[in-house]
Every structure is written in structure tokens, then in C-alpha cells.
Amino acid sequence: MSAPSNLWATRLAEVGPVGINARRIYCDLTSSGTDQASLISAAIADGMMPVISYKVPSVTTLLSGGYDTWLAALKAYLTGLGATVTATFWHEPHGDMTAADFRAGSQRFLDRVKAPTVKVGPLLNGWLLDNQLSTFEGYTSPALLDAWDWFGIDTYQSGSLAAPGPKWPGHRIAPLAAFLASKGKATMPVIVGEYNGYTAEVIAHAGEAMLSMPQLWVANVWNNTGGLGEVLTGTRLAAFKATKADPRALP
């Protein structure tokens, strides 16, 4: 699950802790590598795997090697946690940088942070799978696909709570599987970094689509109002509870 840190306890109580085995955490790369250390440690203490995103102050500085010592500090911190974590460079990069810069930044991040207990992969813009597959593919490369430990997207419903759109988060799961299969990565572990929908039907559909994907590793619902998300309540909350209670979702 994902929710603002000041609302995490409330959201966890609302959905119930059973089946919540991962926590999405957003960080900035810093010289110490320890941004959001308290949240990361809390997730591990609660038996949840941290799914961590790192953004950098300057992509240009990253690409020139200006943050290499910061990345070394990050690797030392993450490996010192004594637990498996996932880490990604700049989730949903489309619109924030060129695909070439994302590929180069991802390679630099991967080369300097990946470790046996630090699993590295991307979280791309899932909506690109609707009708911009070539753009989506541009954020990958054969070398990265061979080196990444997992592959992921964030995926939301189009529209709004008042006017739900026709593009559902679960609609991107089959195209994602097809994309990975086309690259010879049909069994590559998959992470859905964030998902949400505006109706119970959409939440249930997303859950079934993801649970039907054998290589799914983690799927984090964004459980709050903001961006393209709405806090889970009523029948939408019941649909999510049904997803996380499904035997396929349990360890």
C-alpha cells in the first residue's frame, strides 16, 4: 500500500494489516543516502518490504558522475538494513526527462546501487501502454532489461471520481505482460508501484488482472485522495479488501 506518512496508520487500520506486505516510500537521493530512514525502518519492522523511489536534485549532475559518492552511500545504507528492499530511479519519468537520460540515469543507478538484497528496476508510466508502446519501449534497453531485477509501472484510471474514464488500471496488465514476453522476459518479476480506480468494479478488475499475472511480485494501491487517486471507502474499500484477502495475494 501507499499513503502519506502522516495518514499511514489511519489507512492501514481502514484496510486491515493482513495482506499488506509492502510499503511504497518516496525519497530524494542525498549525500548520506538515508532520506526517509525512519519510514523504511518502520516498514521492515512491520514485516513489509519497502518499495522505494529515488529522485535526484539534478539529472545532469547524476549523469556526469556528480552523485556517485551519494549512490555509494545509498547502497551501503540499504544493504545494511538486513532485509530485501526494492529501489528505483525516478518513477514515472515520461515528461520529466528524455528517454535517453532516463536510460543513462537508470544504468548509473543500477550499476552503483544493485546488491543481493537491493533489487533494482523501473516504474514507468503505465498509461503509455494504452497507445504509445514505442514511447514506453524507449525508456528501456536490452542491457537494462537484462540487468534489472524486476519491471514495473504505475497505473491509474482515467477521468475523475465524478466522471470516471474508460481507461482502467487493470487494462495495462495484459499489455505489460505482452511487452515483457516480446523482449524475452515473460517470467521477469513485476511490480505495480501505484494503482487506484474510481469504482468498486475498477478496483476489483485491477486486482483480478494483477493476481492473474504469475510473475506479479508486488502491487501497491495508492490509498489517498490526490493526483489520480481517491481514498478507498465504501464498496471501493471492500473491493480492495477482497483483492488482498485472495489466496493468490498472500505469501
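Cβ-Cβ distance of Ala181 and Ala37, R₀ of 51 Å, FRET efficiency by 1/(1 + (r/R0)^6): the value works out to about 0.85. Along its first, second and third principal axes, ordered by size, the range 1-79 spans 45, 22, 17 Å in Cα coordinates. The Kirkwood radius of the range 116-213, taken over pairs of alpha-carbon atoms, gives through the Stokes-Einstein law at 20 °C and 1.002 mPa s a diffusion coefficient of 154 µm² s⁻¹. Projecting the Cα atoms of Leu211, Val15, Ile173 onto the charge dipole of the chain, computed from C-beta unit charges around the Cα centre, puts Leu211 farthest toward the positive end.
Annotation for the range 19-91 versus the range 194-251: alpha-carbon center distance of 25 Å.
Our coupling estimate for the range 56-61, obtained by passing each phi through the Karplus curve with A = 6.51, B = -1.76, C = 1.60 and θ = phi - 60°, is 10, x, 8, 5, 4, 5 Hz, Gly and Pro reported as x.
At a Förster radius of 41 Å, what calculated FRET efficiency corresponds to the Cβ-Cβ distance of Ala163 and Ser212, to the nearest 0.05? Working from the Cβ atoms, E equals 0.90. Of the residues Val113, Tyr156, Asn125, the one whose Cα sits farthest toward the positive end of the charge dipole of the range 102-160, with +1 on the Cβ of Lys and Arg and -1 on the Cβ of Asp and Glu, is Val113.
Against the longest principal axis of the chain, how steep is helix 173-182, in degrees 0 to 90 to the nearest 10, with axes from Cα atoms? Helix 173-182 and the main axis of the chain meet at about 40 degrees. Relative to the dominant Cα principal axis of the chain, helix 68-79 is inclined by about 50°.
Against the chain, whose longest principal axis comes from its Cα atoms, helix 200-211 is set at around 50 degrees.
Ordering of 196-208, 143-155 by packing is 196-208, 143-155, highest average first (other Cβ atoms within 10 Å, averaged per residue).
For each pair in Lys167/Lys244; Lys75/Lys119; Lys167/Lys241; Lys55/Lys75; Lys75/Lys185, compute the distance between the two Cα atoms and list the pairs where it is over 20 Å.
Violating the 20 Å limit, Cα to Cα: Lys167/Lys244; Lys167/Lys241; Lys75/Lys185.
What shape does the range 53-137 have by the C-alpha gyration tensor, where a ≥ b ≥ c are the square roots of the eigenvalues, rounded means a/c under 1.5, and otherwise prolate means a/b greater than b/c and oblate the rest? Oblate, since a/c reaches 1.5 and b/c is not below a/b. Give me the one-decimal nm value for the distance between modelled label points at Ala13 and Ala143, 7 Å along each residue's Cα-to-Cβ direction. Taking the two extended label points, one gets 5.1 nm.
Each Lys and Arg adds +1 at its Cβ and each Asp and Glu adds -1 at its Cβ; summed about the Cα centre, the chain shows a dipole of about 320 debye.
What 222 nm value per residue comes from the helices of the chain, counting each DSSP H run with n ≥ 4 as -39,500 (n - 2.57) and dividing by all residues, nearest 500 deg cm²/dmol?
For the chain, the value works out to -11000 deg cm²/dmol.
Straight-line reach from Lys183: taking Cα to Cα under 14 Å and skipping same-chain neighbours fewer than 8 places apart, the aspartates and glutamates in range are Glu137, Asp146.
Read the figures in this text as sums done on the coordinates, not as results from a lab. The model shown is predicted, which means the values in this text are computed figures rather than measured ones. All Cβ positions, even for glycine, are placed from backbone atoms using ideal geometry, and neighbour counts span all protein chains on display.
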